[in-house]
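The values are calculated or read from the model by the stated rules, or taken from the named source; none is laboratory data. This structure is a prediction, so every number in the text was calculated from the model and none was measured. Glycine gets a Cβ as well: all are built from the backbone with ideal geometry, and neighbour counts include every protein chain shown. Accessible surface is based on the protein model in full, side chains and every heavy atom, while ligands, DNA and RNA are left aside. Shrake-Rupley method; radii C 1.70, N 1.55, O 1.52, S 1.80 Å.
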Amino acid sequence: LARRRRRMTAHEVAGQAGITRVTLRRAEAGEPAVTMATYVKVLAALGLAQDLALVARDDTFGRRLQDERLQRPAAAKPPAAIRLADYPLLREIAWSTDPEAQLSPSEAFAIYERNWRHLDRDAMGAKERRLLERLTATVGKGVLLV
């Protein structure tokens, strides 16, 4: 498309790139045997050499998604029930619930999300942090909406 937009013939681009018209056709068709050097030559002939930097730029969003998938255990399951008395910050934000109550994972996760602004996250113990991470990975499907 770039060649056509510039109203250049395949013969002109191939000549400027120092490749054959057959190689240019293969590059334009996206054949896997075409070398990166050929693409660089064609981009230069079209005046698009600076666009090569766009191909190699860091895809921060894609990398973050990949990293999250690597960190999250594939077979993680939420706990069957969460005893409120075992998690001090959860007990604190669910103050109107009996401390000996058993919450479902979705109930506990909803309480954390709803009351996140009231939590002293620095005071969260390792056990409760692991619970929250597990709930986020399973119930929240990797997302804690806070």
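Okay, here's what the table says:
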| quantity | calculated |
| --- | --- |
| Mean Cα-pair separation over length for the chain, i.e. relative contact order, pairs under 8 Å, 6 or more apart, % | 17 |
| Qualifying trypsin sites (Lys or Arg not before Pro) in the range 57-146, DSSP loop, other Cβ atoms within 10 Å at most 11 | Arg57, Lys141 |
| Cα-based shape type of the range 92-146, given that a ≥ b ≥ c are square roots of the gyration tensor eigenvalues and the cut on a/c is 1.5 | rounded |
| Full-stretch length increase - Glu92, Leu65 - with 0.36 nm per residue and alpha-carbon distance subtracted | 6.4 nm |
| Within the accessible area of the chain (1.4 Å probe), percent carbon and sulfur | 53 |
| Estimated 222 nm signal from helices in the chain, with DSSP H stretches of n ≥ 4 weighted -39500 (n - 2.57), rounded to 500 | -14500 deg cm²/dmol |
| Spatially proximal aspartates and glutamates relative to Lys127 (Cα-Cα < 19 Å; intrachain offsets below 8 disregarded) | Asp86, Glu92, Glu100, Glu107, Glu113 |
